Amino acid sequence: VKLSVDAFHSVGLYAAGYRHFHLDDCWADSERNASGFLQAERDHFPNGMKAVVDYAHSKGLTFGLYTCAGTQTCVGGRPGSKGHFREDAAVFAEWGVDVVKMDWCHTEGMDPQETYSQFSKELNRTGRPIHFNMCEWGKDAPWKWGPKVAQSWRATGDHTPIWEDTKKIIAERTQIPDDESGGPYAWNDMDMLETGNYRQAAHANRKTGNMTATEYQTEFSMWAILASPLIVTTPLLNCSKTDQIAGNFTPGACRPSITPLQKKILLNEEVIAINQDDTPAGRLLKDGEWMIYGRNLSDGSMAIAFYNPSEVVAKVSL
């Protein structure tokens with residue numbers, strides 16, 4: 001993890017404006033400690049999680065961790081936060097965590113608004129400013145009640161690196177009413193970016209990326225104009241002697257590396273600036289076989305995105 005924090009700088013993410021490092025599911029040990037608190041997986045983090053958080057902070061990054069509202073986490077089956085909200089909020093604050101994502105697996109009989117509100121109160125109780133990201137996949141319209149509870153929330157289902165799935169995520173996000181489309185401290189999260197991921201990046205849903213360069217550019221552009229958090233999910237280290245995509249994996253020294261396509265898209269500072277503007281999210285201006293989205297920016301200009309989800313080339317102008 002520390003090597004990936006270093007690579008965050010080496011591959012250009014920090015210079016382009018990215019400032020947050022996050023560990024999703026599977027960081028936690030299979031058991032809580034004797035006092036009932038979460039602990040980092042002991043084999044992988046022998047010095048505990050606080051040492052890792054401190055290292056990320058020393059490199060100018062904020063640090064986030066994952067938990068789940070139910071009895072177990074979604075992928076790794078690690079301890080969930082149900083019945084331990086106060087303990088988990090306290091340990092996150094003690095470690096210096098800056099962002100907490102709470103998933104929604106194994107939550108039978110639980111109500112999202114009530115549950116997330118309870119955990120939000122426990123985070124606030126710690127006295128540490130912690131960005132709270134809710135993840136119930138947009139099923140209970142969190143854009144209506146989320147602003148009083150969290151700073152961002154998943155507005156869609158899970159995103160995989162398949163073009164049909166990317167189009168589905170954009171369509172789901174577009175259905176949110178303009179007056180609930182998001183703003184400062186209340187962002188609709190379209191899930192993690194899969195930009196440039198092929199065989200080098202395993203997905204929890206067992207999907208291998210097959211999108212074209214243009215489709216990946218479209219993904220990044222639509223996440224930007226719709227003001228979704230830009231959460232990059234890709235290996236920042238190539239630990240093979242061969243190319244991380246083209247060749248068969250051959251063990252070698254790990255070195256910082258993202259692909260040329262990923263550098264072209266993910267480090268585009270003009271698009272990043274549109275995403276990071278503190279104005280309300282973009283909105284659909286023209287519907288049809290091809291679409292136009294627009295976002296009013298704080299300098300008085302407007303960002304425009306042309307989006308063509310069809311398989312037919314469209315020639316358009318504005």
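Results, tabulated for the structure shown:
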{"read-out": "Test: residue in the stretch 55-78 that is open to solvent by less than 30 Å² (accessible area, probe 1.4 Å), touching a Lys or Arg at 6+ places or on another chain (Cβ under 9 Å) and assigned to a helix (DSSP H, G or I)", "value": "yes"}
{"read-out": "Of all residues making up the stretch 83-111, the number that are among the charged types (D, E, K, R) and either crowded, with 18+ Cβ neighbours inside 10 Å or touching a Leu at 6+ places or on another chain (Cβ under 8 Å) (or both)", "value": "5"}
{"read-out": "Subset of the stretch 166-187 (residues that are within 26 Å of Lys264 (Cβ to Cβ), buried (at least 17 other Cβ atoms within 10 Å of the Cβ) and of a type outside the set (Val, Ile, Thr))", "value": "Lys167, Arg173, Trp187"}
{"read-out": "Meets criteria (of a type outside the set (Lys, Arg), buried (at least 19 other Cβ atoms within 10 Å of the Cβ) and not in a loop (DSSP other than H, G, I, E, B)) for Ala227", "value": "no"}
{"read-out": "Subset of the stretch 264-316 [polar (S, T, N, Q), part of a loop (DSSP other than H, G, I, E, B) and either farther than 28 Å from Gly12 by Cα or touching a Leu at 6+ places or on another chain (Cβ under 9 Å) (or both)]", "value": "Thr279, Asn308, Ser310"}
{"read-out": "Test: Lys82 is touching a His at 6+ places or on another chain (Cβ under 9 Å) and among the charged types (D, E, K, R)", "value": "yes"}
{"read-out": "Where Ala155 falls short, out of the listed (1) farther than 19 Å from Asp103 by Cβ; (2) open to solvent by less than 20 Å² (accessible area, probe 1.4 Å); (3) not polar (S, T, N, Q)", "value": "(1)"}
{"read-out": "Residue within the stretch 6-26 that is of a type in the set (Gly, Ala, Ser), at pLDDT 95 or above, surrounded by 18 or more Cβ atoms within 10 Å (Cβ to Cβ) and in contact with a Phe, Trp or Tyr (Cβ under 8 Å, 6 or more places away or on another chain) present", "value": "no"}
{"read-out": "Residue within the stretch 70-77 that is aliphatic (A, V, I, L, M) and under 21 Å from Ala186 (Cβ atoms) present", "value": "no"}
{"read-out": "Failed item, numbered, when Ile265 is tested on (1) among the β-branched types (Val, Ile, Thr); (2) touching a residue at least 60 places away in the same chain (Cβ under 8 Å); (3) farther than 28 Å from Val1 by Cα", "value": "(3)"}
{"read-out": "Cβ-Cβ under 8 Å pairs, at least 6 apart or on other chains, the stretch 1-21 side closer than 14 Å to Ser58 by Cβ and touching a residue at least 12 places away in the same chain (Cβ under 8 Å), far side polar (S, T, N, Q) and open to solvent by 40 Å² or more (accessible area, probe 1.4 Å)", "value": "Arg19/Thr62; Phe21/Thr62"}
{"read-out": "Among (1) open to solvent by less than 30 Å² (accessible area, probe 1.4 Å); (2) farther than 25 Å from Arg86 by Cα; (3) polar (S, T, N, Q), the one test that Thr115 misses", "value": "(2)"}
{"read-out": "Given (1) touching an Asp or Glu at 6+ places or on another chain (Cβ under 8 Å); (2) closer than 23 Å to His9 by Cα, number of the condition Pro184 does not satisfy", "value": "(2)"}
{"read-out": "The stretch 165-177 residues that are more than 16 Å from Leu193 (Cα to Cα) and free of Cβ contacts under 8 Å to residues at least 40 places away in the same chain, paired with ones that are assigned to a helix (DSSP H, G or I) and open to solvent by 10 Å² or more (accessible area, probe 1.4 Å) (beta carbon under 6 Å, 6 or more apart)", "value": "Ile176/Trp143"}
{"read-out": "Selection status of Arg42, open to solvent by 20 Å² or more (accessible area, probe 1.4 Å), in a loop (DSSP other than H, G, I, E, B), modelled with pLDDT of 95 or more and more than 30 Å from Lys264 (Cα to Cα)", "value": "yes"}
{"read-out": "Among (1) touching a residue at least 40 places away in the same chain (Cβ under 8 Å); (2) loosely packed, with under 15 Cβ neighbours inside 10 Å, the one test that Ser301 misses", "value": "(1)"}
{"read-out": "Identity of the residue in the stretch 94-114, farther than 17 Å from Thr71 by Cβ and without any contact (Cβ under 8 Å) to a residue 60 or more places away in the chain, that ends up nearest to the chain's Cα centre (by Cα)", "value": "Val100"}
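The values are calculated or read from the model by the stated rules, or taken from the named source; none is laboratory data. Everything numeric here is computed off the predicted structure, so don't read it as measured data. Note that each Cβ is placed from the backbone with ideal geometry, even for glycine, and that neighbours are counted across all protein chains shown. For accessibility, only protein heavy atoms count, side chains too; no ligands or nucleic acids. Shrake-Rupley method; radii C 1.70, N 1.55, O 1.52, S 1.80 Å.
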